Amino acid sequence: MEIKTDVLVIGAGPAGSIAAREASKNGAKTLIIEKKSEIGAPKRCAEGIIKSTLDELDIKPDKRWIARQIDGIEIVAPNNKTVIFDKNNFDLPDTGYVLERKVFDKHLTMDAIRNGAKVMIKTQADAINRVNGGFLVTAKRLHDEIRILTKIIIAADGPQSLIARKAGLKTSTSLEDMASCVQYEMANVDMENMNHVKIHIGTVCPGGYIWIFPKGEDIANVGLGILKSHTDKTAKYFLDTFLKNSSDVSGAQVVEMNAGGDPIGGLLDERYSDNIMVVGDAAGFVDPLTGDGIRTAMLSGKYAGKVAAKAIAMGNYSKSVLKEYYDLTEEEIGKDFHKFNKIKEFLLTLDDNSLNNIVEEISKSDLTNVNVAKLLKIIIKSSPKSIFKLGKLI
Ligand SMILES: Cc1cc2nc3c(=O)[nH]c(=O)nc-3n(C[C@H](O)[C@H](O)[C@H](O)COP(=O)(O)OP(=O)(O)OC[C@H]3O[C@@H](n4cnc5c(N)ncnc54)[C@H](O)[C@@H]3O)c2cc1C
């Protein structure tokens, strides 16, 4: 079978579906292919987002994929001192949702379909070759081979994008920038406040943090991400150790296990070229500090989809036109990521004692109207030498 399209989106995660929605909404003939038989499953995600993300991406909240509303964050220091950011002590700029990604991801793809995109599941892009005016992509669909001629590829195929690499872009992430994550979805979780997310920091989780993200009255995603450069033990070892010691999950049982890499090194420079743009995890759109990537994957998809449609309308798919995608994402996301990377690098140098001191200092501070700059000042107060690393970021 041979198919011709203007824009081929490879991968129907949040980045790919939003890219397809925007490209087709703006007039480009768009096809998304997804290798899995069910979009969104299995999830590799703790499923947390900031509420305003939905407005920002023009997505109407729907209770079919909002598992839980979140109104606070608890940070637990290595010595168990806990600081709580919620509406009682903190002018929260925003609250959050824990999603049901299996439903949310499908909803995004359905939205792309309603805006004119075509979708093929169980279709895996294998080979890509440059041809006059674009790419010829060879994909496998069950036992059939499909040839897709496209003017533009949007590579949305997740971390370590093979598609971008096959197009000659350098998209591999070094081991020290790839958090190794493991997570259990658990039932019978018993946290005091199931409307808060809980984060444990310190040597309980080298190079990362442990999260408990509630999805229901007694259901939660409990997981962690570690950096291999900080330990020779596995992520699963640290998660299982935590489960043995945490009263929140002592009676809980696992109903799903997820594992995967989270690229936290920041945006890749090589995220566009002639006839191709790379979006989402494939291009490093993951917050280097928190590891969150849903919002920024979707934002990158939005910009890539719009720029693709514009290029199609102009009849020019060269790198000089697609550079607009690079510029928009650099301005909107890259600058923040640069700052977050610096904060992360500093936090990674701290031992448990220093983290205890920071949490102690935060717990003594007035948190009303606190923002990132004020938090950085509190950190500098508890660890004055950090001024050299963090001072410029305030
Ligand atoms: C354990 C863990 C917890 C996380 N928790 C959070 C969180 O709480 N909040 C948050 O914001 N982020 C979180 N993230 C990050 C978030 O999951 C990702 O940033 C987000 O899913 C990226 O979306 P994406 O569309 O770029 O990629 P993906 O969601 O990975 O989608 C890529 C899609 O491409 C498909 N694909 C790949 N290759 C091909 C091919 N050759 N042909 C066709 N299809 C292909 C895949 O099957 C997949 O469906 C977490 C990550 C991990 C690992």
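The values are calculated or read from the model by the stated rules, or taken from the named source; none is laboratory data. Source: prediction; values computed, not measured. Every residue, glycine as well, gets a Cβ built from its backbone with ideal geometry; the counts of neighbours run over all protein chains shown.
Pick from region 216-233 the residues that are under 18 Å from the mean Cα position of the chain (by Cα) and not polar (S, T, N, Q): which of them is surrounded by the fewest Cβ atoms within 10 Å (Cβ to Cβ)?
L227
Counting only residues that are part of a strand (DSSP E or B) and not small (G, A, S), which one in region 231-267 is farthest from the ligand (Cβ to nearest atom)?
Just the residues of region 231-267 that are part of a strand (DSSP E or B), to begin with: 253-263.
From what's left, not small (G, A, S): 253-258, 262-263.
Details: Q253: 19, V254: 14, V255: 16, E256: 12, M257: 10, N258: 6, D262: 4, P263: 8 Å.
For region 231-267, the residue satisfying everything is Q253.
Scan region 362-385 residue by residue and report those that are within 16 Å of N341 (Cβ to Cβ) and modelled with pLDDT under 70.
Within region 362-385, no residue meets the criteria.
Could you list, in sequence order, the residues of region 59-77 that are more than 13 Å from the ligand (Cβ to nearest atom) and either under 18 Å from the mean Cα position of the chain (by Cα) or among the aliphatic types (A, V, I, L, M) (or both)? Can you show your working first?
Initial filter on region 59-77 (more than 13 Å from the ligand (Cβ to nearest atom)): 59-66, 69, 71-72, 74-77.
Result: I59, W65, I66, I75, V76, A77.
Where in region 273-377 are there helices (runs of 4 or more DSSP H), lying fully within it, with 1 or more residues that are more than 28 Å from G27 (Cα to Cα) and either in contact with a Gly (Cβ under 8 Å, 6 or more places away or on another chain) or not assigned by TED's automatic domain parsing to the domain that holds G27 (or both)? Show your work before the answer.
Details: elements: 294-314, 319-329, 335-347, 352-364.
Result: 335-347, 352-364.
Restricting the search to region 103-139, which residues are assigned to a strand (DSSP E or B), surrounded by fewer than 19 Cβ atoms within 10 Å (Cβ to Cβ), within 12 Å of the ligand (Cβ to nearest atom) and not hydroxyl-bearing (S, T, Y)?
Result: M120, Q124, D126, A127.
Inside region 5-48, can you point out the residues that are surrounded by fewer than 24 Cβ atoms within 10 Å (Cβ to Cβ), over 19 Å from L162 (Cβ atoms) and near the ligand (Cβ under 6 Å from one of its atoms)?
Those that are surrounded by fewer than 24 Cβ atoms within 10 Å (Cβ to Cβ), over 19 Å from L162 (Cβ atoms) and near the ligand (Cβ under 6 Å from one of its atoms): E47, G48.
Only one of these conditions is not met by D94: (1) surrounded by fewer than 15 Cβ atoms within 10 Å (Cβ to Cβ); (2) within 15 Å of the ligand (Cβ to nearest atom); (3) more than 30 Å from I201 (Cβ to Cβ). Which number is it?
Result: D94 passes all but (3).
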